[in-house]
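*Asks:* Dropping the structure in here first, questions after.
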Amino acid sequence: MTTIQLGAVTFYPYGLVLGAGALVCFLLMNARCRRLQLKTEAAEWFAVFAVPLGVLLARLLYFLVSLPWFIDRGIGTFFHFSEGGYMLYGAMAGVAAAAWISGAITRQPPARILDAAAAPFALFVAVARGAESLVGIGYGEYIEEWFDPFFERSMIQLEDASFFQRFPFGVLDADGYWRFPVFLLETVVALAIFFYLLRVRCRRDGTAALLFLALYAGLQAFLESTCIDLELRWGFVKINQLAALPVMALIFGACILRTPASERSVRRFAPSAAGILACCGVIMAMEFAMEDKIGFLTWMRMDLCWAVMLLAAIGMAVTACHMILGTDRLDPRR
């Protein structure tokens, strides 16, 4: 990890970038609070709790899913925060807890505080993903191997892959090999979510926060598959991909609760549930196909599997957003 030494003090550029990004996002949230007619102190109290709770819960979730690793090295390594090891879904839980606490203190709706935090948090995700280049993570496949027919990775075979050995198609890793920059793609996706949340008009509290969850979880189910370094796995299945399913279940439950009792019906929610489950099934099938665990799909190369997976991820995100926006238009007083 790159460091900056000033006397006896060591600075980590990655941490500095995250800190600066968090500061900008809190300033943006303060402006969003005014727009949503929230008290200014709501943003201030949120900032007080969001950072420590976000860091703690991001670390705790990483600890829980990597428990055997921590047991082997000693439980005390949990407190080695400077060595890395965090999960963004844990940080989201910390942000939700901070919204609830700040809402209780200022007597403001926690869901509306989360709405104010949604776009700024998407921007923070973009900063965090871009900063991964400073610590040498967020890389995808090796470009030379990708197009080499011997490795059977791509449907496209090239004798000379030098065209892709340049930014933004590829970046050099610490060992001097050209690799696909997944962190850059994740940055672009997070920025797209950020700009969408700035423009979307919501009628009810909590809609913007749910839209962020739907877009992030849905698209991350694909993006996690393309990253091949430092990923968390149970077997060959990546945990951050599996997380998309409980997140979608959470969104589904929230949409049911947001719907007036008189309008809740199987007909209203069954198509969305079926669409989300179908997309999840396709993503799982493509993961199995890339591991050669589905016999009739062994002909599919990784790039074709990822293309299908991307379409399924987009379909899952769009379906969830359509369901959320549908409940946003309902009158909660009915």
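Every number in this text was worked out from the coordinates using simple rules, so none of it is lab data. Everything quoted here is computed from the prediction, not taken from an experiment. Glycine also receives a Cβ, built like all others from the backbone with ideal geometry; neighbour counts cover every protein chain displayed.
*Asks:* Filter the chymotrypsin sites (Phe, Trp or Tyr not before Pro) in segment 164-236 to those in DSSP coil with at most 11 other Cβ atoms within 10 Å of their Cβ, and list the result.
*Replies:* PHE236
*Asks:* Hey, can you rank 293-299, 258-264, 129-135 by average C-beta count inside 10 Å, highest first? Walk me through the intermediate numbers first.
*Replies:* Details: 293-299: 10.7, 258-264: 12.4, 129-135: 19.6.
Answer by packing, highest mean first, reads 129-135, 258-264, 293-299.
*Asks:* Quick check on packing: order 306-314, 88-96 by the mean number of other C-beta atoms within 10 Å, highest mean leading.
*Replies:* Order by mean packing, descending: 88-96, 306-314.
*Asks:* Would you mind telling me which residue in GLY76, GLY281, GLY54 has the biggest mean-square fluctuation in a Gaussian network model of the chain, where springs connect alpha carbons within a distance under 10 angstrom?
*Replies:* Largest GNM mean-square fluctuation: GLY76.
*Asks:* Top mean-square fluctuation among ASP303, ASP292, ASP205, Gaussian network model of the chain, C-alpha springs under 10 Å?
*Replies:* In this elastic network of the chain, the residue with the biggest mean-square fluctuation among ASP303, ASP292, ASP205 is ASP292.
*Asks:* Compare the Cα positions of MET87, ALA261, LEU16 along the charge dipole of the chain (+1 at Cβ of Lys, Arg; -1 at Cβ of Asp, Glu; about the Cα centre) and return the one farthest towards the positive end.
*Replies:* Final value for the positive-end residue is ALA261.
*Asks:* Stokes-Einstein D for the chain at 25 °C, 0.890 mPa s, Kirkwood Rh over Cα pairs, in µm²/s?
*Replies:* The calculation lands on 114 µm²/s.
*Asks:* So, one more: Diagonalise the Cα gyration tensor of segment 215-334 and give the resulting equivalent ellipsoid semi-axes, square root of 5 times each eigenvalue, largest first, whole Å. Please report the intermediate quantities before stating the final value.
*Replies:* Working: eigenvalues 202, 39, 24 Å².
One finds semi-axes of 32, 14, 11 Å for segment 215-334.
*Asks:* Using Cα springs under 10 Å in a Gaussian network model of the chain, which residue among ILE75, ILE105, ILE193 shows the largest mean-square fluctuation?
*Replies:* Maximum among the listed residues: ILE75.
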